[in-house]
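Taking it in order: structure first as structure tokens, then the write-up.
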Amino acid sequence: MDDRGSAARVTDVPLDQRSQLIAWYVLFAVTQTTALVIVLFDGNPLTDRLSAAGLLVLNGLFFIFYGRRLVERSLDDWRGFVYAAGSLAMFAPAVWFSGSATFALFGLVPQIYMMLPIWWAFVPMVLFVCTPQILTYAAGMEPSLPWPAALLIIGFSQAFGWAISRIADQSKQRGELLERIEALTIEAERARWSADIHDTLAQGFTSIITLLQGAQPNVELALQTARENLREARALVASNAPSPLDGSSLEDALRRLVSGVSLPSSFRVIGDPVALQTSVDVVLLRTVQEALNNVARHSGASRVDVVMRFDSDGVSLEVRDDGRGFGDALEGFGLRGMRARLEQVGGRLSLSSDEGASVLVEVPL
């Protein structure tokens, strides 16, 4: 594994993983401190007690300055064996000087499983657990821990190591899932902003250019469109509803929108209007904006009519013109954006080119 990539991860440990690491650090600190206290107050000669305590302190410093980085980087490579060998080299003589140092195993064994894959960690773990037994046997003394009990500890440690590995894997998977969710959220937000800008600001600027480049520039309507664009920009920045909806119903907003096009137009409502969710209002308004923009830019029509219909099944909007129709042209960004918006609210988009062009939007209630 690349050390440079690993170094970057040390300062970027996910919050939940860091909380788990802190819990393991507290466990290590408590077991080592307890082992030190037991060693310093057992019945061995003072020099032996101080030697064992000093070795335990060195072991703790070895973890702080070397082992901790391996845990936080999740390296799982040969450096875990280096740490295990160094830690064992200090733990074994500490046990030789004072058998009470055996208590430090409660903090040392979990570290091995945090630095090595579970089956790689088995041999170092066995060496750590058997070290007190081997040393007391070599000294001609009866082991304080019976061999059956030592074997039970080995089995328990392996099961405990498996649990640690599972927790670490789940934490890593959870972190990766959160990263993917964050990436998807950012991508969806970018797509939303792209669609909003395309449906509002880009269309408004296009209208302003068209109005000012005509044979008889319509300055008044260009100024009105520019003011509307400014309100849209402020609404987008503030993440509010579209400015045409600000303080008015969807029907009133659509009526103003249709009356602002440069072609002869009409807008009518069929049925009894009902209150819709804000998300549906926004989608319908954006759809009509895009459809009217397409009529003005591409259709060559002389008239456009918008009909809004309420019935028991839902609400529909039809934008119909008498232009050249869609023909074989591929759907552009605007129509794809309309479909994507409608899918978010369970609606659908239908296109037809019978005696002009028709854009039909249907949203169930």
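Remarks
- Scanning the range 41-50 for residues that are part of a helix (DSSP H, G or I) and open to solvent by 70 Å² or more (accessible area, probe 1.4 Å), we see that the one that is nearest to Ala94 (Cα to Cα) is Leu50.
- Number of the condition not met by Val123 [criteria: (1) out of contact with any helix residue (DSSP H, G or I) (no Cβ under 7 Å at 6 or more places or on another chain); (2) modelled with pLDDT under 80]: (2)
- When each of Phe326, Phe333 is tested for being at negative phi, modelled with pLDDT under 85 and touching a His at 6+ places or on another chain (Cβ under 8 Å), the lone residue that passes is Phe333.
- Test result for Ser316, of a type in the set (Ser, Thr, Tyr), more than 22 Å from Phe205 (Cα to Cα) and either part of a loop (DSSP other than H, G, I, E, B) or modelled with pLDDT under 85 (or both): no
- Test for Ala275: is it in a loop (DSSP other than H, G, I, E, B), among the small types (Gly, Ala, Ser) and at pLDDT 65 or above: yes
- Flag for Leu21 being touching an Asp or Glu at 6+ places or on another chain (Cβ under 8 Å), within 21 Å of Ser157 (Cα to Cα), assigned to a helix (DSSP H, G or I) and at pLDDT below 85: yes
- Flag if Ser249 is hydroxyl-bearing (Ser, Thr, Tyr), exposed (fewer than 13 other Cβ atoms within 10 Å of the Cβ) and at pLDDT 75 or above: no
- Residue in the range 51-61 that is touching a helix residue (DSSP H, G or I) at 6+ places or on another chain (Cβ under 9 Å), open to solvent by 50 Å² or more (accessible area, probe 1.4 Å) and modelled with pLDDT of 85 or more present: yes
- Single unsatisfied condition, Ala301 versus (1) open to solvent by less than 20 Å² (accessible area, probe 1.4 Å); (2) farther than 15 Å from Glu251 by Cβ; (3) aliphatic (A, V, I, L, M); (4) part of a helix (DSSP H, G or I): (4)
- Between Leu342, Leu349, the distinction of being outside any helix (DSSP H, G or I) and either under 36 Å from the mean Cα position of the chain (by Cα) or among the aromatic types (Phe, Trp, Tyr) (or both) belongs to Leu349 only.
- Ser265 vs. criteria touching a strand residue (DSSP E or B) at 6+ places or on another chain (Cβ under 8 Å), under 23 Å from Gln224 (Cα atoms) and either of a type in the set (S, T, N, Q) or surrounded by fewer than 17 Cβ atoms within 10 Å (Cβ to Cβ) (or both): yes
- Matching option when the condition is open to solvent by less than 70 Å² (accessible area, probe 1.4 Å), among the small types (Gly, Ala, Ser) and at pLDDT 75 or above, among Ala202, Ala291, Ala235: Ala291
- In the range 67-93, the residues that are in a helix (DSSP H, G or I), open to solvent by less than 50 Å² (accessible area, probe 1.4 Å) and of a type outside the set (A, V, I, L, M, F, W, C): Gly67, Glu72, Arg73, Arg79, Gly80, Tyr83, Gly86, Ser87, Pro93
The values are calculated or read from the model by the stated rules, or taken from the named source; none is laboratory data. Worth saying up front: this structure is predicted, and the values here are computed from it rather than measured. As a convention, Cβ positions derive from the backbone with ideal geometry for all residues, glycine included, and neighbour counts pool all protein chains shown. Areas reflect the complete protein model, heavy atoms only, side chains present, ligands, DNA and RNA absent. Shrake-Rupley method; radii C 1.70, N 1.55, O 1.52, S 1.80 Å.
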